[in-house]
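What follows is a single structure, written as structure tokens, with notes after it.
The values are calculated or read from the model by the stated rules, or taken from the named source; none is laboratory data. Given the structure is predicted, the values throughout are model-derived calculations rather than measurements. Every residue, glycine as well, gets a Cβ built from its backbone with ideal geometry; the counts of neighbours run over all protein chains shown. With ligands, DNA and RNA removed, areas are computed over all heavy atoms of the protein, side chains included. Shrake-Rupley method; radii C 1.70, N 1.55, O 1.52, S 1.80 Å.
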Amino acid sequence: MDETYQHGIEFTGENFSETTLLLGEYEACTFSQCVFAKVDLSKFTFVQCTFTDCDFSMAKLNQCTFREVEFKACKLLGLHFDYCNPFLLSFTFTDCTLNYSAFYQLKIPGTIFKNCQLEGVDFVEADLSNAVFDNCELNAAVFEDSILEGADLRTAHNFSIDPSFNRIKKAKFSRQNIIGLLGKYGIIVE
């Protein structure tokens, strides 16, 4: 099967759960209000694309490539980003819901999460050095053997990070959310 190459195309209101998105590479394309829920995006390549108000819930991402991709106001429930092609993997998330997604063992330093819901997200063994979690909800997110050196969590909410099992040198926290580092000790902070 031949693969397509699309450059600078705008897709609006497409439901790819019902119509097929051709396998291939999409560069500098914009996707607005599109549905990718449960779609198999295995081996697709997205370079410098922007997704706005799209639904990717439970999409399959086996060897999917995301390079310099922006997700804005997207629903990204239960996605296995850890199945993506790791080569030059880079993306930013703004106003997105990523609950129960996985970034297991990914090297995604400098990733920006802004105003995102990240409940129950798997960050186990992920390299999140210099990542930014700006006004993000991290309830039940799992950080274990994660690299958070230089990460900014000053405005993050409801996280639980054990400094004994994560690298947090020079990570930034606020006085209001420091309890997220002390949870295992059962300390009451008033």
Checked the stretch 91-147 with the C-alpha gyration tensor, a ≥ b ≥ c its square-rooted eigenvalues, rounded below a/c of 1.5, otherwise prolate if a/b is larger than b/c and oblate if not; verdict oblate
Taking the chain, how many lysine pairs are there with alpha carbons less than 18 Å apart, if each pair must be eight or more places apart or span two chains?
-> 8
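Roll a 1.4 Å probe over the protein chains and send me the accessible area per residue for the chain in Å².
On the way: 9810 Å² over 190 residues.
The answer is 52 Å² per residue.
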Positive dipole terminus of the chain, leading residue within Ile108, Leu148, Thr45 (C-beta point charges) = Leu148
Non-local residues with an amide H under 5 Å from the amide H of Cys136, with H modelled 1.01 Å from N and Pro and chain starts lacking one, are Asn115, Cys116, Ala156, His157
If you find the alpha carbon centre of the stretch 1-54 and of the stretch 56-90, how far apart are they in angstrom?
-> 12 Å
Taking a ≥ b ≥ c as the square roots of the Cα gyration tensor eigenvalues, with a/c under 1.5 meaning rounded and otherwise prolate when a/b beats b/c or oblate if not, the chain comes out prolate
Ordering of 85-91, 28-34 by packing [mean C-beta count within 10 Å, highest first] | 28-34, 85-91
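Taking a ≥ b ≥ c as the square roots of the Cα gyration tensor eigenvalues, with a/c under 1.5 meaning rounded and otherwise prolate when a/b beats b/c, else oblate, which class fits the stretch 84-190?
prolate
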For the stretch 1-159, the accessible surface attributable to carbon and sulfur atoms (probe 1.4 angstrom, ligands and nucleic acids excluded) amounts in percent to 46 percent
In order through the stretch 59-73: 3J(HN,Hα) via Karplus (6.51 cos²θ - 1.76 cosθ + 1.60), integer Hz, x for Gly, Pro | 5, 8, 10, 4, 6, 6, 10, 10, 10, 6, 9, 10, 10, 10, 6
